[in-house]
1. Pick from L358, L341, L365, L311: which is closer than 22 Å to R100 by Cα and either within 12 Å of the chain's Cα centre (by Cα) or not hydrophobic (A, V, I, L, M, F, W, C) (or both)?
2. Return the only residue of A320, A367, A401 being among the small types (G, A, S) and without any contact (Cβ under 8 Å) to a residue 24 or more places away in the chain.
3. So, of the residues in the range 379-417 that are outside any helix (DSSP H, G or I), within 22 Å of A91 (Cα to Cα) and among the charged types (D, E, K, R), which turns out to be modelled with the highest pLDDT?
4. Is it true that V123 is crowded, with 20+ Cβ neighbours inside 10 Å and either part of a helix (DSSP H, G or I) or touching a Pro at 6+ places or on another chain (Cβ under 7 Å) (or both)?
5. State yes or no: is K159 among the basic types (K, R), within 28 Å of A354 (Cβ to Cβ) and not assigned by TED's automatic domain parsing to the domain that holds R100?
6. How about the range 89-113: which of its residues are surrounded by fewer than 24 Cβ atoms within 10 Å (Cβ to Cβ) and in a loop (DSSP other than H, G, I, E, B)?
7. When you go through L349, L358, L341, L323 one by one, which is the residue that is buried (at least 22 other Cβ atoms within 10 Å of the Cβ) and within 16 Å of L106 (Cβ to Cβ)?
8. Looking at the range 134-141, is at least one residue in a strand (DSSP E or B) and free of Cβ contacts under 8 Å to residues at least 60 places away in the same chain?
Amino acid sequence: MLRCEKVTSRISGFYKLPPGERLKAVAEQAGLGQEEISQVKKGLELDQADKMVENVIGVFQVPLGIATNFVIDGREVLVPMATEEPSVIAAASNGARMARESGGFLTSSSGPVMRAQIQVTGVSDPFGARQTILLHKDELTRMANDRDPLLVKYGGGVKDIEVQVIDSRIGPMVVVHLIVDCRDAMGANAVNTMAEALAPRMEEITGGRVYLRIISNLADRRLARAKAVFKAEDIGGHEVVDGIIQAAALAEVDPYRAATHNKGIMNGITAVVLATGNDTRAVESGAHAYASIQGRYRSLTRYEKNKDGDLVGTIELPVAVGLVGGATRVHPVAKSAVKILGVKSADDLSRIIAAVGLCQNFAALRALASEGIQRGHMSLHAKNVAAQAGAKCDLIEIIAARMAAERRISVDRAVELMKELEEKGQEKN
């Protein structure tokens, strides 16, 4: 199937369509073929899963949805999100709709650069060892790059070597950082291989003993940034703008609030990372470590008012994702998700992920500053509760709507409503 000539993320009534019709609409936009459509429908096969991890006995599927309305760097983007939590995709779509009134999200990045750490211990003169390692920088760089000539061919490889002496409870140790441009890979395999290759030479030139030689998931050289302007009139007025800024200010100084604030950001980020077959744990650990890099756990976003009184939101965080290697190249649904996004590089993907994180956070803060977080969330959660109570098909929608209107969302209430509806049905008959 060819990609639609006029791609748009603004699909009217998308959420009202049945799943099959939604998939058809997305397939037309993204140019998915029949085989890709079939794979998205059925998910991961057992024999495919068996090749991905050990001791496979089944697959645990997570719903895959599409967030609509995103405009990122002037491009219409449909965003695949894999999540089990109700309201996440709806909130992202709603936040993106409000952002597009001012042109959507503008993004930037620092490039696909990762760090590998090599820990040298047992050195009697750690500062002298540091200087020795730096004297051998060119040799060590060549040795590392020889381990991955293909990466070097495409412009990647070791770009610098940093060395520091770190005091620990068991004495000083020399820690070497390989600064590696990973291009379109997440980079763990490449940088780990390079670090392991250099370990024997490090021991030779320092007289020390190398233990750790592994990637750091605090990818502070692989930052992705996004910015959006939300017009006050489109998000509920100046009082809502002020409420969001007040809530965000608390997250900047209070770790108890920052933890929940950042969890809301990760609702969106993790969903896209998972949908594209990337490493959710690596991205999450990097984000939370970066939130603490100044010595206090803080929010990853900032909110301000511009001269017109509109809300300006920004985000900056490490996003270590790739398009080559790992599940991204193996999982059939992940491959289709990447195609739907229309990204050409890992850097493109990281910036989209940052935009989604900002959007998700804005949507949560707007709810907190206006009707409260539970209203929208519980309305969507009501469908799960109705199904849990045993409701089927159209009855799920009817019972969920009743519970949401009453603000009484529980399995017991769903069972009561089912009995009421059954009795009414019997009376009519």
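The values are calculated or read from the model by the stated rules, or taken from the named source; none is laboratory data. Since we're looking at a predicted model, the values are computed, not measured. Please note: Cβ atoms are built from the backbone with ideal geometry, for glycine as well, and neighbour counts cover all protein chains shown.
1. L358
2. Residue meeting the stated conditions: A401.
3. R408
4. So V123 does not fit the description; no.
5. yes
6. Hits for the range 89-113 are E101, S102, G103, S110, G111.
7. L358
8. Taking every residue of the range 134-141 in turn, none turns out to be in a strand (DSSP E or B) and free of Cβ contacts under 8 Å to residues at least 60 places away in the same chain.
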